[in-house]
1. Given H placed on each backbone N at 1.01 Å, which residues far from I8 in sequence or on other chains put an amide H within less than 5 Å of it?
2. Give the carbon-plus-sulfur fraction of the accessible surface of the chain in %, rounded to a whole number; probe 1.4 Å, heavy atoms of protein chains only.
3. Using C-alpha positions alone, give me the convex hull volume of the stretch 72-146 per residue in cubic angstrom.
4. For the stretch 11-88 and the stretch 305-356, what is the separation of their C-alpha centers, rounded to whole Å?
5. In debye, nearest 20, what is the charge dipole magnitude of the chain about its Cα centre with +1 on Lys and Arg Cβ and -1 on Asp and Glu Cβ, if you could check?
6. Taking the DSSP beta bridges in the chain as the whole, what percent of them are antiparallel, to the nearest 5?
7. Could you tell me, in Å, what Rg and Dmax come out for the Cα atoms of the stretch 239-350?
8. So what's the net charge close to F170: Lys and Arg +1, Asp and Glu -1, counting the other residues with Cβ under 10 Å from its Cβ?
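The values are calculated or read from the model by the stated rules, or taken from the named source; none is laboratory data. Note that this is a predicted model, so its numbers are computed, not measured. Glycine gets a Cβ as well: all are built from the backbone with ideal geometry, and neighbour counts include every protein chain shown. Keep in mind that these areas ignore ligands, DNA and RNA; they rest on the heavy atoms of the full protein, side chains included. Shrake-Rupley method; radii C 1.70, N 1.55, O 1.52, S 1.80 Å.
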Amino acid sequence: MKEISVGIVGTKFMGRAHSNAFMDVAHFFELPARPVMRAACGRNAADLQAFAARFGWQTTETSWERLVARDDIDLVDICTSNVTHMPIAVAAAKAGKHVFCEKPLAMNATEARRMLDAAREAGVRHMVAFNYRRVPAIVLAKQLIDAGKIGTIRHFNAVYYQDWLVDPNFSIVWRHDIKEAGSGAHGDMSAHIVDLARYLVGEIEAVTGAQEIFIKERPLADGSGKGVVTADDATNFLARFRNGALGSFLVTRFATGRKNYLRLELFGSEGSLAFNLERLNELEYYSRKDERAEQGYRTILATESIHPYVNAWWPAGHIIGWEHTFIHEVRDLLLAIAKKEPVYPDFYDGLRDQQILDAVVESASKGRWVEVPAGE
Ligand SMILES: NC(=O)c1ccc[n+]([C@@H]2O[C@H](COP(=O)([O-])OP(=O)(O)OC[C@H]3O[C@@H](n4cnc5c(N)ncnc54)[C@H](O)[C@@H]3O)[C@@H](O)[C@H]2O)c1
């Protein structure tokens, strides 16, 4: 069987989620090429050794420049803070490696465009890790929309709530610093729901938004005082879709009591759909075509073998979890590399997402609606 050698950069949250995906994928899915976990890269040598040993990475590098230059790597997986995405991805593509990059693709649309150009010029596969497109219930929603089940979509309402910053004593991390993160809740969480909006509804043509930093200073992690927070704690915005639908988006790290509550509601001329990431096996569906006396939201448990990706897992009702979305993502990427076919969402999708995020930031600073560029 053909092998695809993977080099991963970043050893923490996403490093673990992606490592788990590469470990598991070939055990559950039929693949023409098997991933080989060739090298892991991190900055702290002791942490890196422990990470590599735990997940089974064969070798280590403490510099991503060395990792992307290695002849025995086919695919570079970027699981680092946002400021590093562009330089690593461009260097990897130039070295002829396929590139898998965490979201948001970049710090801004200018960087995202450079990444897309580099990947296209090199002719490599490129994918941005919007893993919620790989939730079976979300793919089912897309199938129902494409089959016309909810008719013309009028509204896409999305919230993404977390509460890990409610505590004013939570110390400063890279996510608070726009120089390393590009933005705060916006790049982290709006990026996901904007991708789902584009996937399920279509392109966004204009936005108007507001952003806030509720707690302006936080303790430094080393206890030496306080640091200034420069990245947004919360962002909300309205959107007009090209097809006439209206969108409403709210992301915040101050939703007291909500942990990872990504909720979508789509209202169409023939029916409606709703989804909540904290109950990710379920899709709520309402159809106007049901007998009037029986009309009401039904909850579809998207765990039947006919539902997307589910056949590889367990019998109906034996639910899957958040980590499976990464396994599905990696499965589709490996298939695309083996078959030399495109895979989505790709860096074009990452760029379009970033253009929308940038337009919201501009709108919030100018206090007016901003058009999103019509194309790349
Ligand atoms: N898809 C999702 O659901 C999801 C969830 C969380 C984070 N993310 C994204 O994943 C990326 C990483 O986030 P995280 O939560 O894993 O962050 P993290 O802080 O847990 O880990 C970041 C890792 O990057 C490493 N790193 C940073 N600069 C480096 C460099 N120059 N060389 C080598 N390693 C370097 C750090 O040492 C650390 O191992 C971000 O882009 C984030 O937005 C995606």
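1. So I8 has HN proximity to A39, A40, C41, D77.
2. On the way: 8070 of 16130 Å².
Accessible surface attributable to carbon and sulfur in the chain totals 50 percent.
3. Numbers: hull volume 8.5 nm³, N = 75.
Taking the convex hull of the Cα positions in the stretch 72-146, it is 113 Å³ per residue.
4. Spelled out, the Cα-based centre of one part sits 18 Å from the other.
5. Numbers: 44 positive and 48 negative charges, 14 e Å.
The calculated dipole for the chain is roughly 60 debye.
6. On the way: 41 of 70 bridges.
Around 60 percent antiparallel, to the nearest 5.
7. Taking only Cα atoms of the stretch 239-350, I get Rg and Dmax of 17.4, 51 Å.
8. Values: positive: R218, R253; negative: D167.
Spelling it out: positives minus negatives among the neighbours equals +1.
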